[in-house]
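Have a look at the structure below, then the notes.
The values are calculated or read from the model by the stated rules, or taken from the named source; none is laboratory data. The structure displayed is predicted, hence computed values, not measured ones. Here the Cβ positions follow ideal geometry from the backbone for every residue, glycine too, while neighbour counts run over all protein chains shown. Calculation scope for accessible area: heavy atoms of the full protein, side chains included, ligands and nucleic acids excluded. Shrake-Rupley method; radii C 1.70, N 1.55, O 1.52, S 1.80 Å.
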Amino acid sequence: MGVAAAVAALAAGGTTGAQAGPPPAVNLVPPTVIGVPLTGQTLSYNQGLWTMGGTPYVFSQVWLRCDLTGANCTSTGVTTPTYTVRAADVNHTIRVRVTNTGDGGNGEPVTVDSAPTAPVAR
């Protein structure tokens, strides 16, 4: 379809034939870390509340080790739904970074971090 035909189709209330995918997912409530940040304890997370985007949603996660303020985060390399707190985490905070790829994994990914935990104690 040429540009003039596309403009005419849109002006007439039609479409140009291009198929747009579903809109990206929107995070309404951020994810939260569940558990006590003590060495040896297992943390899990709640993925938060999401809307829009194509369904089903596909979630992935990575656990982050951050400074005492929850900033300057680096990946722990753990991408499972749970995280066992390590000795290396002492005097750091932990966050989980959740990525939602709607439309069964074909949509635009949206990534949100949880709030940091309290500082990890021994």
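Taking a label point 7 Å from the Cα of Leu68 along the Cα→Cβ vector, which residues of region 81-97 have an amide N closer than 15 Å to it?
Under cut-off, by backbone N: 90-94.
Find, among the trypsin sites (Lys or Arg not before Pro) in region 58-119, those assigned to loop by DSSP (not H, G, I, E, B) with at most 16 other beta-carbon atoms within 10 angstrom.
Listed in order of number, the matching sites are Arg86.
Could you sort the peptides 49-58, 112-121 by per-residue average Cβ neighbour count (10 Å cutoff), highest mean leading?
Result, highest mean first: 112-121, 49-58.
Please compute the length gained on full extension between Thr51 and Leu38, using 0.36 nm multiplied by the number of residues separating them and subtracting their Cα-Cα distance.
Between Thr51 and Leu38, full extension yields 1.4 nm more.
If you rank Leu43, Leu28 by how much accessible surface each has, with a 1.4 Å probe, what is the order from largest down?
Leu28, Leu43
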